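Please treat every number below as a calculation from the coordinates, not as lab data. Quantities reported herein were computed from a predicted structural model and do not represent experimental measurements. Using ideal geometry, Cβ is built from the backbone for each residue, glycine included, and neighbour counts are taken over all protein chains shown.
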Amino acid sequence: MSMKTATPIKKIKRKKVSFSIEAPKAAQVVLVGDFNNWDLNVHPMKNDGNGMWTKLLSISPGKYEYKFLIDGEWTTDPGNKQTCPNCFGSDNSVLYLS
């Protein structure tokens with residue numbers, strides 16, 4: 001009879017990522033992407049009072065597509081030049097997190 005030893009499960013370390021966008025006239029900004037299944041209710045962003053909207057997430061390494069929803073208008077991240085086409089005929093911003 002042989003005994004199997006349990007293989008330890010390697011815990012994937014999450015990393016903190018800060019997303020931000022300047023939108024001084026916006027009433028609402030939401031961070032949406034495949035890290036939250038494109039759910040419009042999961043990651044509302046916070047305005048610092050000067051028009052800079054931010055959201056800090058803790059996510060696992062990988063490739064993520066995302067956009068900002070600013071008062072109902074989809075916007076790619078102007079601070080990130082990495083984009084890819086989406087199925088709606090526009091682009092998504094892309095984050096590679098290692």
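Let me have the relative contact order for the stretch 15-97, percent, based on Cα pairs under 8 Å that are six or more residues apart. Display every interim value, and only then the final one.
Numbers: 162 pairs, mean separation 25.4, N = 83.
Once normalised by length, the contact order is 31 percent.
Only Lys, Arg, Asp and Glu carry charge here, each on its Cβ (+1 for the first two, -1 for the last two); on that basis the chain has a dipole of about 800 debye about its Cα centre. Using 0.36 nm per residue, how much length does the chain from W74 to K13 gain when fully extended, once their Cα-Cα distance is taken away? Here the segment from W74 to K13 would lengthen by 18.9 nm. For the stretch 68-80, the Karplus equation 6.51 cos²θ - 1.76 cosθ + 1.60, evaluated at θ = phi - 60°, returns couplings of 9, 10, 9, 6, x, 9, 6, 9, 6, 6, x, x, 10 Hz by residue, with Gly and Pro reported as x.
Counting lysine pairs in the stretch 15-97 whose alpha carbons fall under 17 angstrom apart, excluding pairs fewer than 8 residues apart on the same chain, gives 11.
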